[in-house]
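The values are calculated or read from the model by the stated rules, or taken from the named source; none is laboratory data. What you are looking at is a predicted structure, and each value in this text was computed from that prediction instead of being measured. Virtual Cβ from ideal backbone geometry, glycine too; neighbours counted across all protein chains shown.
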Amino acid sequence: IAGITQAPTSQILAAGRRMTLRCTQDMRHNAMYWYRQDLGLGLRLIHYSNTAGTTGKGEVPDGYSVSRANTDDFPLTLASAVPSQTSVYFCASSEKSGGAGELFFGEGSRLTVL
Amino acid sequence: GQNIDQPTEMTATEGAIVQINCTYQTSGFNGLFWYQQHAGEAPTFLSYNVLDGLEEKGRFSSFLSRSKGYSYLLLKELQMKDSASYLCAVRDRDYKLSFGAGTTVTVRA
């Protein structure tokens, strides 16, 4: 069982370039999330989607966009990367109906913007 | 929004007990979670509390007091593999999860 797959694992990017981080889940979870993790700041929510076709802004959405065309995929796009977007990005999913609804995380994408 | 506080670092000896406290302020509480994250890895789910009281799961227990905006994670019989960062997270009514900055626990022999 793959769970959540993120790609790429690591990327170095020139400032001003466009970048899409891919996230795919095979658990048929209805909710998906993108977080960034920076030293001393913890995980901060960028965007989320409670169900296919809907998205919402998290705590730090500026400079990022997402789409949720289907249940499985939730790509995160940086339209014009800046050095402050250097971070580790985690995609996560959860099942909202029943149980704890805990988040399952992908392995992360380490992005460096120069 | 959420305001979540937890200590930055804790150190304990193998076999001992460590308690990690977490305080939070929230506009709409819908559950408190603890996650474990080893260096360079993704966070993994440890525990969930939505009602007041203690939830025990093996060597790990988590406590919640909603009226006090307070939780703790108790790690018993510490092992070297427990050296990790422990993340307190609060969920709101929109099912968004906000995380504290994490507590790095170092277990020494």
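From the list A:84, A:80, A:65, the lone residue that is assigned to a loop (DSSP other than H, G, I, E, B), closer than 17 Å to residue A:111 by Cα and more than 14 Å from chain B (Cβ to nearest Cβ) is A:80.
Does region A:12-22 contain at least one residue that is within 13 Å of chain B (Cβ to nearest Cβ) and on the phi < 0 side of the Ramachandran plot? No, every residue in region A:12-22 fails to be within 13 Å of chain B (Cβ to nearest Cβ) and on the phi < 0 side of the Ramachandran plot.
With respect to the conditions (1) modelled with pLDDT of 95 or more; (2) part of a loop (DSSP other than H, G, I, E, B); (3) closer than 21 Å to residue A:54 by Cβ, residue A:93 lacks only one, and its number is (2). With respect to the stated conditions, residue A:26 is within 15 Å of residue A:106 (Cβ to Cβ), of a type in the set (Asp, Glu) and either out of contact with any helix residue (DSSP H, G or I) (no Cβ under 7 Å at 6 or more places or on another chain) or within 11 Å of chain B (Cβ to nearest Cβ) (or both). Among the residues making up region A:102-114, a single one is more than 7 Å from chain B (Cβ to nearest Cβ), surrounded by 16 or more Cβ atoms within 10 Å (Cβ to Cβ) and either more than 16 Å from the chain's Cα centre (by Cα) or not in a strand (DSSP E or B) (or both): A:113. Checking each residue in region A:46-60 for being surrounded by fewer than 21 Cβ atoms within 10 Å (Cβ to Cβ) and in a strand (DSSP E or B) picks out A:49, A:56, A:57. Taking the conditions exactly as written (touching a Phe, Trp or Tyr at 6+ places or on another chain (Cβ under 6 Å) and more than 21 Å from residue B:95 (Cα to Cα)), does residue A:109 satisfy them or not? Yes, satisfied.
Scanning region B:25-47 for residues that are in a strand (DSSP E or B), in contact (Cβ under 8 Å) with a residue 24 or more places away in the chain and within 13 Å of chain A (Cβ to nearest Cβ) turns up B:32, B:33, B:34, B:35, B:36, B:37, B:46, B:47. When region A:25-39 is filtered for residues that are of a type in the set (Asp, Glu) and assigned to a strand (DSSP E or B), only A:38 remains.
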